[in-house]
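In what follows, a single structure is set out as structure tokens and then discussed.
The values are calculated or read from the model by the stated rules, or taken from the named source; none is laboratory data. Here the structure is a predicted model, which means the values were calculated and not measured. Every residue, glycine as well, gets a Cβ built from its backbone with ideal geometry; the counts of neighbours run over all protein chains shown.
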Amino acid sequence: MRVSGLFLAGLGIFFGFIGLIYWFTSYEDAGFLMLIGTAILGLMPGGYYLWWSRRMRPLESDLPDATMDDGAGVVDSFPGSSIWPFLIGMGALFATLTFIFGLWLAPIAIALGVSAVIGGVMESRRGGTV
Amino acid sequence: MSLPSRDTSSADTSEGPATPTRERRWKRLAVGLAVGAPLVLGGCNFYPSYGASRGVTTQGQETFKLYSGMMTTGIIVGGLVGLLILYTAFRYRRRSDDMPKQFHESIPIEILYTAIPVLIVAVLFFYTVLTENNVDATVPNNARITTTGAPVLQVKITAFQWGWRFDYPNNNVSVSGETTNGPGGLGPQMVLPVGETVQILLVSNDVIHGFYVRDFNFSRYALPGVQNRFDLNIIHTGLFPGQCTQICGLYHSEMLFTVKGVTPSQFATWTATEIATGHTLQRYPVPASNTPPVYDHVTPSNALAAPSSKKGSL
Amino acid sequence: MTTTVETPDLIEPEEPGGPNGHGPGTHEHESEHAEHGPSGLLKWLTSTDHKVIGKSYMITSLVTFFISGAMALVIRAQLSNPSSSLVNFQTYNELFTMHGSLMLYLFAGPFAFGGLANYIVPLQVGAPDMAYPRLNALSYWLYLSGASMMTLSFVVAGGAASFGWVAYAPLSDSINSPGAGTDMWLMSLALTGFSAIFTGVNLVATIFYLRAPGMTMFRIPIFSWNMLVTGILILIAFPVLFGAVVMLFCDRHFGTHIYSVQGGGVPVLWQHLFWFFGHPEVYILALPYFGIVTDIIPVFSRKPLFGYRGMVFATMSIAALSTGVWAHHMFTTGVVLLPFFSLLSYLIAIPTGIKFFNWIGTMWGGQLSFQTPMLFSIGFLFAFLMGGVTGVLLASPPVDFMTHDTYFVVAHFHQVLIGTTVFAGFAGFYFWYPKMFGRMLNERLGKIHFWLLFIGFWVTFIPQYIVGLKGMPRRVADYLTSNGWTGLNQLSTVGAMVIGTSFLFFLFNLVHSWRKPVPAGDNPWDGGALEWFTSSPPPHHNFTHLPPIRSERPVWDYNHPEHHKDESHGDKRHREHEKETVGASS
């Protein structure tokens, strides 16, 4: 975790540095804000990982002499076949079509999108197929 | 599963293969060429054109020299690396099933091929800054004379869909045209005196256009709502074609113009002729933005359609 | 226990394992799910398996590649003659816009991070799947929707978008580009943009969290490192594009004046936002392909990668710097800070050079064999070398003034993009095809594909550099005979036709491999990364056994233990540990 944290936080510091140089040499708003936003994008998770890496035991994947037995057990849960991603995608498609071709498509988009998101969340809670 | 046991029979080198002295010498020569070339050639007046224009303005000639130097450096560096790839591919093609030595790093070489590009880039950036300061140097806005007392001609260029308008505010002349009409079917012509500083004010009436003259080695966007300013010092007379380089709609490829460099006395004659034929600032109304201005035009003979209907349809 | 391989349409190899099959238990796996889950179309619609999603992405993106390639051939045909009237101005403008858009938004990126990375990264880090399988599936459906929408935008009234793939305001506003085609273009960017963002999240999470035991960050293959950095770049860049697109949409339909001068807006703002996305985007496109080549060259040199840490550092530097150079696309606007962007653009040449020397260093002293993946990788090296050098020229504002928006730039970006996405992309496809489909592609056809492509590539683009220096602008539908550009344009068109022909051999190779399959086995190339340890194609959840992971090529260590010793680099703790156990373990 430490390497990941350093990597992200390092990027964040770099962008903060570049952003400040950019501001004081050009006073250009858009670029400055985007660079600062990028700095925050790196510092936030990077700082979080660094904070946690001191308080947790190392991941097996970060131990150079770990064996497969060390990693034995449940890795994670990986949801199997699920129709909800497809339906959420179709909801998003119809939402964009609504913007292009008119509000008459909105009921389809809302119906598809909302029900698909609800379905997906419920599936997560239930555990879903594996 | 246990770890495979280490084979300690041959020496473990954390550095790469020992390079024989001859190879080292070739490497040093290559490095010297790559770093020294831009410095030496800059002083040597060795400027092949590599297909570009040598420039008819003082600014354009500066740009050309930088371009030529960078191309030479690029050819040397790129050529060396390319030859190295070819050499490696031939020299180390598979001869047998012997396992090659499994080295994976060489700190001295890695430092070398990091430091050399840094040096090359530093030299290139140095020359870039020098050239750029000269190319974009301008007299103050609305100046009538330079610091040395020479006259400054101000020309305001307005780009529009799909033509150009050239106003001479201090001479009461205005020339404009669309697409491929104009002298020689090459669009409207901007006449400029050689040997004098010309201050250009560039703006667009609608979308972003690109003002580009190959012989000036220069281009700049014509932006709506923002006036760009740059200077031109044309060195000798001639006809210099130009074109719009930023996609601006249907007839983007037809948005031609020319620049004609003439002697100052010819320029004075031309000014008088234009005023006499009515091409004054009052002739062409200032168009509201985003409406096609009404200028003199002749349907160009080689256009695919007359540019009378402008937006969107064909 | 033997069971059927999971993909039902694959012809089962005669001998499990094939000519190079080895490794314990790679074919004994549980796939009761294949017998009980959905089948047919419903199986595809509901699949969350990264392998299925990866293959779907690759097929869809290759289809868009061929459609866009056909558009390029029409463009080249039009330009082979001055005043040609093969297509009219409106159609021509739509063609180059959609050629660029399909290639950049729908092929190059999705093929790399949606296709190859989705398939290969979990295998390389030893994970059973991506971190968020359903999000992965959603990414694909968003991509398919966006791709269909963009491709179908030709058929609406007013035609497709026609303002170039960069859509500068005010040309893209409602006055200058009315019509649903532009709106479909914008909305498809929203859909594919979110697809990319979700894939980026998945990549970062998978590589951070789902590595197998012992697979430390500095042991993951460089392809996966590059995909990690690409994932982060995606998270940096695509939200900005989405914001810019939403604002343009509002300008077009909801009466805002963000980009229009009349309402007090700033057209150049679009360029700042777009290029803040656009420049990292081209590195999002390039880095995966660098990673592919970095994985292929060591295998066909029979040596480890030279300078692993240098490669990681170089990739991170390229990504970091690339976020600060966006306005080098705006040098000619006259309103950006030239020295800042020029210096950072020059600096990117340095880590790129490091990568080049590391690739050469990997080949140096090796035993090189030139099968198709290696040929394509070397083709990439030459193509990107020249494209990269001309890029350094463009980092200089005065030189940019004389070449911007001319065919010089067109040649530059085609060399770098084709070098990466086509040469390196097809290198990766030929390299991993045996793993994905369990069968080999024909070597002779692959070599013909390569040589035709390589020759056609240079014949197409060298004349474009020359004609650009002669003054030919880009995005022009015709030109004058008096310009003197005809000969070079004709030569370039001939080259383009040769490139097109080369892909016929590729398609034929695909068909041939399906009708006359040659079983591949687990590790036909003697590769070192983890994906070569499992069967071809891998079973459900990828691995039944894993070798010990002590370097970035665990499968090589497992297969060639006597050639392992120079491998223990990069991890000081491990080296010391090894020294301690040398006496103990024999």
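Miscellaneous remarks
One line per residue, one yes/no per condition, for (1) within 21 Å of C:Ala395 (Cβ to Cβ); (2) modelled with pLDDT of 95 or more; (3) surrounded by fewer than 20 Cβ atoms within 10 Å (Cβ to Cβ):
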{"site": "C:His329", "(1), (2), (3)": "yes, yes, no"}
{"site": "C:Val335", "(1), (2), (3)": "yes, no, yes"}
{"site": "C:Leu338", "(1), (2), (3)": "yes, no, no"}
{"site": "C:Tyr346", "(1), (2), (3)": "yes, yes, no"}
{"site": "C:Ile350", "(1), (2), (3)": "yes, yes, no"}
{"site": "C:Gly366", "(1), (2), (3)": "no, no, no"}
{"site": "C:Thr372", "(1), (2), (3)": "no, yes, no"}
{"site": "C:Leu375", "(1), (2), (3)": "no, yes, no"}
{"site": "C:Ile378", "(1), (2), (3)": "no, yes, no"}
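- Residue check, B:Val207 β-branched (Val, Ile, Thr), out of contact with any Phe, Trp or Tyr (no Cβ under 9 Å at 6 or more places or on another chain) and farther than 23 Å from C:Leu394 by Cβ: no
- Subset of region C:445-486 that is in a helix (DSSP H, G or I) and touching a Pro at 6+ places or on another chain (Cβ under 8 Å) - its residue that is surrounded by the most Cβ atoms within 10 Å (Cβ to Cβ): C:Thr486
- Within region B:111-137, the set of residues being in contact with a Lys or Arg (Cβ under 9 Å, 6 or more places away or on another chain) and within 7 Å of chain C (Cβ to nearest Cβ) comprises B:Thr131 only.
- Of the criteria (1) surrounded by 18 or more Cβ atoms within 10 Å (Cβ to Cβ); (2) at the interface with chain C (Cβ under 7 Å from one of its Cβ atoms); (3) free of Cβ contacts under 8 Å to residues at least 24 places away in the same chain, which one B:Ala52 fails: (3)
- Residue list for region C:176-196, filter: more than 12 Å from chain A (Cβ to nearest Cβ) and of a type in the set (A, V, I, L, M): C:Ala196
- Within region C:395-408, tally of residues that are within 10 Å of chain B (Cβ to nearest Cβ) and under 24 Å from the mean Cα position of the chain (by Cα): 2
- Region A:2-16 residues that are at the interface with chain C (Cβ under 10 Å from one of its Cβ atoms), paired with ones that are of a type outside the set (A, V, I, L, M) and outside any helix (DSSP H, G or I) (beta carbon under 7 Å, 6 or more apart): A:Phe15/C:Thr323
- Within region B:237-284, tally of residues that are within 14 Å of another protein chain (Cβ to nearest Cβ), hydroxyl-bearing (Ser, Thr, Tyr) and out of contact with any His (no Cβ under 8 Å at 6 or more places or on another chain): 3
- If you go through region B:78-100 and keep only what is more than 7 Å from every other protein chain (Cβ to nearest Cβ) and in a helix (DSSP H, G or I), you end up with B:Gly79, B:Leu80, B:Leu83, B:Leu86, B:Tyr87, B:Phe90, B:Arg91.
- Flag for C:Ala212 being assigned to a loop (DSSP other than H, G, I, E, B), touching a residue at least 12 places away in the same chain (Cβ under 8 Å) and hydrophobic (A, V, I, L, M, F, W, C): yes
- Some residue of region C:504-521 being of a type in the set (Phe, Trp, Tyr), assigned to a loop (DSSP other than H, G, I, E, B) and modelled with pLDDT of 90 or more: no
To keep it simple, each residue is scored yes or no on (1) outside the structural domain of B:Gly51 (by TED's automatic domain parsing); (2) more than 18 Å from the chain's Cα centre (by Cα); (3) surrounded by fewer than 23 Cβ atoms within 10 Å (Cβ to Cβ).
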position	(1), (2), (3)
B:Leu202	yes, no, yes
B:Arg214	yes, no, no
B:Ser219	yes, no, no
B:Gln227	yes, yes, yes
B:Pro241	yes, no, yes
B:Met255	yes, yes, no
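- Test result for C:Phe431, closer than 19 Å to C:Leu106 by Cα and either of a type outside the set (Asp, Glu) or touching a His at 6+ places or on another chain (Cβ under 9 Å) (or both): no
- Matching option when the condition is at the interface with another protein chain (Cβ under 9 Å from one of its Cβ atoms) and not hydrophobic (A, V, I, L, M, F, W, C), among B:Gly195, B:Gly210, B:Gly177, B:Gly187: B:Gly210
- Residues (β-branched (Val, Ile, Thr) and in a loop (DSSP other than H, G, I, E, B)) located in region C:334-382: C:Val335, C:Val336
- In summary, helices (runs of 4 or more DSSP H) completely within region C:74-175 and bearing 1 or more residues that are touching a residue at least 40 places away in the same chain (Cβ under 8 Å) and away from chain A (no Cβ under 14 Å) occur at C:89-101, C:117-125.
- Consider region A:77-111 and keep the residues that are more than 7 Å from chain C (Cβ to nearest Cβ) and not in a helix (DSSP H, G or I). The one that is surrounded by the most Cβ atoms within 10 Å (Cβ to Cβ) is A:Ser77.
- Any chance B:Leu304 is modelled with pLDDT under 85, over 30 Å from C:Thr97 (Cβ atoms) and either surrounded by fewer than 18 Cβ atoms within 10 Å (Cβ to Cβ) or not hydroxyl-bearing (Ser, Thr, Tyr) (or both): no
- B:Leu130 in a strand (DSSP E or B) and surrounded by fewer than 21 Cβ atoms within 10 Å (Cβ to Cβ): no
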